[in-house]
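Worksheet for the structure shown next.
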Amino acid sequence: MRLARLTALPDRAAALAALEDIFFASTTRTEFASEAERRAFLATWTGWYVEHAPADLWFALAEDGCGGETVVGYLTGCKDSAGAEALARVVPKYEVFADRFAAYPAHLHVNVRPGWRDHGIGRRLVDGFAEDCRADGLPGVHLVTGVFARNVAFYQRAGFTDALQRGALLFLGRRLC
C-alpha cells in the first residue's frame with residue numbers, strides 16, 4: 001500500500017470517483033430527496049478540499065492484483081483552518097472551535113473503504129498528513145467529530161489527546177512539535 005496526493009495521481013477523475021464511493025459508504029446519512037441533494041451533501045464535505053487544497057487530499061492505494069491500484073481510503077486536509085473562510089461558509093459549525101486554530105492550524109477528515117478498515121490504513125493517512133504538516137512547521141493538527149462518534153477512540157490512539165467538548169461536538173488536537 002502507498003499514499004499519494006491527489007495532485008500526484010495520473011487519473012484524478014478515477015480517484016475522485018473512488019472518494020465519492022468511500023464517502024457514501026462511510027457516512028451515516030443514507031437518504032436523499034434527489035440526486036442534486038446527494039451531490040450537494042458530497043460537495044459540502046469534500047468539494048472545498050478538491051478545489052482549494054488538492055495537494056492536501058491524500059489517497060491510500062493498494063495493489064489490485066492485476067498490476068494496478070485501487071483506492072482504499074482518503075484524507076481531506078487543510079493546513080490553514082483560520083484562513084479557509086470559504087470553507088467556513090460551507091461546513092456547518094466550522095467556527096465553533098476557531099479559538100483553537102492557532103495551536104492546531106491544520107485539520108483533517110479520513111475515511112477508509114469498508115472491508116479495508118482495521119488494517120492501519122486510516123492511521124497511515126493521518127500520520128502521513130501530520131508528518132507533512134510538521135515538515136511545513138505547523139504546531140498541530142485537529143479534527144472535529146461527535147462526542148459519541150465511533151471514531152473518537154481511533155483518533156485518540158492516533159495521538160489526538162487534546163480534547164474539548166462544546167455541545168455535541170468534540171475537538172481533538174494532536175501536537176506536532
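No value in this document is a laboratory result; all are computed from the given coordinates. Treat the numbers as computed from the prediction; the structure is a model and nothing was measured. We place every Cβ from the backbone using ideal geometry, glycine too, and count neighbours over all the protein chains shown.
Of note:
- Axial C-alpha extent at least 18 Å, average Kyte-Doolittle at least 1.0 - helices from the chain (DSSP): 12-26
- Rel. contact order, % - alpha carbon contacts under 8 angstrom, at least six apart, segment 2-175: 19 percent
- Shape annotation for segment 2-175: C-alpha extents along the principal axes are 47, 41, 29 Å, from largest to smallest.
- Separation of alpha-carbon centers, segment 1-42 and segment 103-174, rounded to whole Å: 19 Å
- With both residues required to sit in the chain, DSSP beta bridges show an antiparallel share near 95%.
- This model, with +1 at the C-beta of Lys and Arg and -1 at the C-beta of Asp and Glu, gives segment 2-175 a dipole about its Cα centre of some 520 debye.
- Across Pro114, Pro105, Pro139, mean-square fluctuation computed from a Gaussian network of the chain (C-alpha pairs under 10 Å connected) peaks at Pro114.
- Classification of segment 12-71 by its C-alpha gyration tensor yields an oblate form. The axis ratio a/c (a ≥ b ≥ c) is 1.5 or more, and b/c is at least a/b.
- With the highest mean first, a sort of the peptides 127-136, 9-18 on other beta-carbon atoms found within 10 angstrom per residue produces 127-136, 9-18.
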